[in-house]
1. Looking only at region 1-31, count every residue that is in contact (Cβ under 8 Å) with a residue 24 or more places away in the chain, under 20 Å from Val76 (Cβ atoms) and either out of contact with any Phe, Trp or Tyr (no Cβ under 7 Å at 6 or more places or on another chain) or among the charged types (D, E, K, R) (or both) and tell me the total.
2. Only one of (1) among the β-branched types (Val, Ile, Thr); (2) closer than 17 Å to Tyr8 by Cβ; (3) crowded, with 17+ Cβ neighbours inside 10 Å fails for Val76. Which number is that?
3. Any residue that is loosely packed, with under 10 Cβ neighbours inside 10 Å, at positive phi and free of Cβ contacts under 8 Å to residues at least 40 places away in the same chain - is there at least one of those in region 81-92?
4. Can you tell me which residues in region 48-80 are among the small types (Gly, Ala, Ser) and without any contact (Cβ under 8 Å) to a residue 60 or more places away in the chain?
5. Tally time: how many residues in region 45-61 are exposed (fewer than 14 other Cβ atoms within 10 Å of the Cβ), touching a strand residue (DSSP E or B) at 6+ places or on another chain (Cβ under 9 Å) and hydrophobic (A, V, I, L, M, F, W, C)?
6. Name the single residue, out of those in region 77-95 being among the hydrophobic types (A, V, I, L, M, F, W, C) and either at pLDDT 95 or above or not in a helix (DSSP H, G or I) (or both), that is nearest to Cys3 (Cα to Cα).
Amino acid sequence: MVCFHRRYDLGDRHEFRSPEEFNQFLKNEKPICLPLYLFDHSGITISTESGRFRACDPQGWDWGLLGYIYVTKMDVRKEYSARRVSRKVLEKVTR
């Protein structure tokens with residue numbers, strides 16, 4: 001989990017200094033990646049989908065993009081003993 005938040009220290013330790021630097025990594029490495037959203041209202045909730053947050057707060061005052069969770073294709077091939085990341089493997093990874 002690569003997170004960028006001014007008040008919370010969340011996610012894994014990483015070397016990215018900014019979201020822009022992480023976006024460059026995404027362009028170069030092309031990992032399998034999902035967005036992470038944070039809802040901050042009397043506690044925090046993190047999700048890879050924004051629909052629930054959007055329904056509670058359509059203006060976006062209490063939620064927003066926090067960062068990303070990703071895995072490299074090489075790690076997926078190892079974990080699933082696959083020679084390539086097929087559509088079927090990709091569906092398993094992103095469930």
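The values are calculated or read from the model by the stated rules, or taken from the named source; none is laboratory data. The structure presented is a predicted model; accordingly, all values stated were derived computationally and were not measured. Here the Cβ is made from the backbone with ideal geometry for all residues, glycine too, and neighbour counts use every protein chain on show.
1. Of the residues in region 1-31, 5 are in contact (Cβ under 8 Å) with a residue 24 or more places away in the chain, under 20 Å from Val76 (Cβ atoms) and either out of contact with any Phe, Trp or Tyr (no Cβ under 7 Å at 6 or more places or on another chain) or among the charged types (D, E, K, R) (or both).
2. Val76 satisfies all of (1) among the β-branched types (Val, Ile, Thr); (2) closer than 17 Å to Tyr8 by Cβ; (3) crowded, with 17+ Cβ neighbours inside 10 Å except (2).
3. Among the residues of region 81-92, at least one is loosely packed, with under 10 Cβ neighbours inside 10 Å, at positive phi and free of Cβ contacts under 8 Å to residues at least 40 places away in the same chain, which makes the answer yes.
4. If the condition is that a residue be among the small types (Gly, Ala, Ser) and without any contact (Cβ under 8 Å) to a residue 60 or more places away in the chain, then Ser50, Gly51, Ala55, Gly60, Gly64 are the ones that fit.
5. Summing the residues that are exposed (fewer than 14 other Cβ atoms within 10 Å of the Cβ), touching a strand residue (DSSP E or B) at 6+ places or on another chain (Cβ under 9 Å) and hydrophobic (A, V, I, L, M, F, W, C) in region 45-61 gives 1.
6. Val85
To keep it simple, each residue is scored yes or no on (1) small (Gly, Ala, Ser); (2) on the phi > 0 side of the Ramachandran plot; (3) within 15 Å of the chain's Cα centre (by Cα); (4) in a helix (DSSP H, G or I).
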position	(1), (2), (3), (4)
Glu15	no, no, no, no
Leu26	no, no, yes, yes
Arg52	no, no, no, yes
Pro58	no, no, no, no
